[in-house]
Amino acid sequence: MAVTIAKEKWTSKVGEMVLGADSTVKVGGESALPFLHFEGEIPNKPVLALEVWDLEPVDWPEILKKPFADVLADPVAWAKKNVEYGADLVALRLMSAHPDYKNATPEECAATAKAVADAVDVPLIVIGCGVEEKDADLFEKVGEALNGKNCLIGCATEKNYKTITAAAMVNGHSVIASSPLDINLAKQLNILMTEMNLPANRIAIDPLVGALGYGIEYAYSIMERARMGALMGDKMLAMPVICFVGQEAWKAKEAKSPDDENPEWGAQERRAILWEVITATTFAQAGGSIFVLRHPETVKQVKVQLDKMMESNAY
Amino acid sequence: MILIGERINGMFKDIREAIQNKDPEPVRYWAKRQYEMCASYLDVNTGPTVEAADQPAVMEWLVKTAQEAAPLPCCIDSTNPDAIEAGLKVHKGKAMINSTTADQFKMDIYIPMAAKYNAAIIGLAMNEKGVPKSASDRIALAMEIVVNCDMHGVPMEDLYIDPLMLPCNVAQEHGVEVLETLRQIKTLADPAPRTTMGLSNSSQRCTNRHLINRTFLIMSMACGLDSAIADVDDEELLDAVAAANILLNKDIYCDSFLKTFRSK
């Protein structure tokens with residue numbers, strides 16, 4: 001007797017987000033669980049962004065600074081370098097706005113963002129300094145300066161989503177909606193933002209992922225649950241997911257610990273990059289669409305994996 | 001929960017008059033209204049006053065009128081196979097046939113019809129002898145329908161078994177049997193057939209009808225009810241379903257869960 005292979009039949013799909021002035025990057029649109037090409041469409045490959053800071057990062061290990069040694073003080077040159085390294089997008093982090101650093105004004109940040117956007121031909125992700133009130137002020141100006149560039153800006157939280165959503169709507173950007181590892185809060189924030197009339201396909205969910213060894217499984221199961229909800233028709237969870245992998249992986253002691261501290265762990269450079277690669281590829285399996293990374297070698301290695309995963313396994 | 005709006009039925013006075021006068025307005029009104037109230041299907045029934053010979057034409061008119069007013073599929077409800085087929089012929093999208101019993105001569109008509117028109121079908125767990133008293137007799141009849149659907153290639157997700165709820169003021173002992181039947185239907189095949197019921201039946205000629213309907217719907221959902229033919233013009237019923245979807249882990253909780261249920 002012939003065996004009937006059971007295939008899941010989903011009724012809905014993830015929304016498709018388009019980024020960049022020339023709509024060069026598309027993410028989302030899946031109608032099946034990650035890479036199960038035999039159960040639906042996986043129309044867009046996950047995309048990789050490399051971070052640029054608008055000030056020289058203080059807590060990056062030397063091995064992470066090395067590939068950017070000559071450009072760390074120049075965000076425009078750094079952004080160009082990221083494109084050379086193969087990044088699909090540039091993720092500009094406006095850390096100088098942080099009160100603990102330079103406390104830069106929104107105008108200063110807007111000028112930097114504009115210069116970076118004009119210098120590269122890939123879409124831009126612009127991330128604030130993480131202080132919620134400051135980021136709200138920041139994006140009023142930054143959003144305006146980047147009008148028409150179709151960027152992804154954030155991160156919007158429960159506290160500052162109104163200002164950031166408004167700035168995105170007026171200037172044609174999409175928004176990253178952050179919620180602390182909580183699917184219910186993530187859904188609620190998406191509802192609140194769409195109630196302001198931001199189209200659902202202009203929201204990316206940031207579930208605040210953890211790195212390998214630091215709670216990766218919590219984020220994994222939340223992403224999995226959200227994706228199944230999306231495929232079963234929950235429109236308020238049917239957004240592409242953005243994973244800030246670099247910031248988490250490079251915080252891990254396995255990435256930071258130098259060669260001589262734990263010789264049995266192997267060479268730091270290889271180990272740290274591997275930490276970032278494994279964290280990213282794990283979240284790709286959970287349904288992540290946009291990965292914000294830090295090391296160029298990670299981009300290279302994750303790309304190889306993704307290319308392989310995108311080969312159709314339909315039958 | 002797949003809600004099937006019960007209102008376009010010639011048993012209701014306004015629809016009966018609409019059919020007599022060929023007035024599309026009441027049909028349009030209820031198509032739109034039930035669409036707004038979260039119905040996924042519109043049950044469409046000519047009612048008993050239309051002559052059998054006229055039923056196919058009336059069904060055709062009802063289906064067309066309803067589908068022009070609301071973007072929903074119909075649950076084509078008749079005891080007359082010609083009327084059902086007339087409705088299927090003009091229907092846009094995936095229809096539902098309401099219904100076959102477990103009598104072989106009826107299954108031989110309706111199940112091939114479901115296969116031919118790629119329609120879903122409701123199978124009543126009863127036969128010419130009537131509605132069985134016990135859950136096990138209901139299940140035996142449900143199994144007959146499962147087997148016949150399988151023979152004709154109608155997939156289990158297109159089969160909705162109705163365990164048949166009777167009014168609680170005259171057949172009170174049936175409630176627990178229906179709930180047990182719902183549980184067991186899910187064990188009949190893998191993937192399991194779906195389930196539905198005519199909810200308003202449970203409260204015929206009772207007082208506090210909305211409360212009885214709502215309570216029995218939620219109890220049934222906990223036992224595996226996937227769908228119901230119901231009075232969807234009932235805010236409290238919809239709120240209760242939204243809450244049950246959360247408690248049964250079918251929808252993901254958020255503070256606006258009542259609103260998100262409505263916006264689906």
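Numbers for the structure displayed
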quantity	calculated
Test result for B:Gly130, modelled with pLDDT of 95 or more, out of contact with any Leu (no Cβ under 8 Å at 6 or more places or on another chain) and within 14 Å of chain A (Cβ to nearest Cβ)	no
The range B:142-173, residues that are surrounded by 14 or more Cβ atoms within 10 Å (Cβ to Cβ), of a type in the set (D, E, K, R) and in contact with a Lys or Arg (Cβ under 9 Å, 6 or more places away or on another chain)	B:Asp158
Out of A:Leu208, A:Leu189, A:Leu212, A:Leu185, sole residue that is on the phi > 0 side of the Ramachandran plot, in contact with a Ser or Thr (Cβ under 8 Å, 6 or more places away or on another chain) and crowded, with 17+ Cβ neighbours inside 10 Å	A:Leu208
The one condition in (1) within 23 Å of A:Ala284 (Cα to Cα); (2) in contact with a helix residue (DSSP H, G or I) (Cβ under 7 Å, 6 or more places away or on another chain) that A:Leu94 fails to fulfil	(1)
Helices (runs of 4 or more DSSP H) (entirely within the range A:226-310) containing at least 1 residues that are farther than 17 Å from A:Lys13 by Cα and of a type in the set (Val, Ile, Thr)	A:245-249, A:268-286, A:296-309
The range A:58-78 residues that are over 21 Å from A:Lys256 (Cα atoms), paired with ones that are assigned to a loop (DSSP other than H, G, I, E, B) and not polar (S, T, N, Q) (beta carbon under 6 Å, 6 or more apart)	A:Ala73/A:Glu56; A:Pro75/A:Asp54; A:Ala77/A:Val71; A:Trp78/A:Val71
All positions within the range A:165-188 that are of a type in the set (A, V, I, L, M, F, W, C) and either facing chain B (nearest Cβ under 9 Å) or over 16 Å from A:Met17 (Cβ atoms) (or both)	A:Ala166, A:Ala167, A:Val170, A:Leu181, A:Ile183, A:Leu185, A:Ala186
Residue check, A:Lys235 of a type outside the set (A, V, I, L, M, F, W, C), buried (at least 21 other Cβ atoms within 10 Å of the Cβ), at the interface with chain B (Cβ under 8 Å from one of its Cβ atoms) and in contact with a helix residue (DSSP H, G or I) (Cβ under 8 Å, 6 or more places away or on another chain)	no
Count of the range A:245-279 residues which are under 21 Å from A:Val90 (Cβ atoms), in contact (Cβ under 8 Å) with a residue 60 or more places away in the chain and hydrophobic (A, V, I, L, M, F, W, C)	1
Checklist (1) under 28 Å from A:Val170 (Cα atoms); (2) surrounded by 17 or more Cβ atoms within 10 Å (Cβ to Cβ) applied to A:Asp118, failing item	(2)
Failed condition for A:Gly130, given (1) more than 14 Å from chain B (Cβ to nearest Cβ); (2) farther than 26 Å from A:Gly215 by Cα	(2)
Members of the range A:192-202 that are touching a helix residue (DSSP H, G or I) at 6+ places or on another chain (Cβ under 6 Å) and either more than 14 Å from chain B (Cβ to nearest Cβ) or crowded, with 24+ Cβ neighbours inside 10 Å (or both)	A:Met193, A:Leu198
Flag if A:Pro67 is crowded, with 16+ Cβ neighbours inside 10 Å and modelled with pLDDT of 95 or more	yes
Residue in the range B:246-253 that is under 18 Å from B:Met126 (Cβ atoms), more than 19 Å from the chain's Cα centre (by Cα) and either at pLDDT 95 or above or not hydrophobic (A, V, I, L, M, F, W, C) (or both) present	no
2 or more residues surrounded by fewer than 17 Cβ atoms within 10 Å (Cβ to Cβ) and more than 14 Å from chain A (Cβ to nearest Cβ): qualifying helices (runs of 4 or more DSSP H) within the range B:185-264	B:209-222, B:235-247
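The values are calculated or read from the model by the stated rules, or taken from the named source; none is laboratory data. Because the structure is a prediction, the values reported are computed rather than measured. Note: ideal-geometry Cβ built from the backbone for every residue, glycine included; neighbour counts use all protein chains shown.
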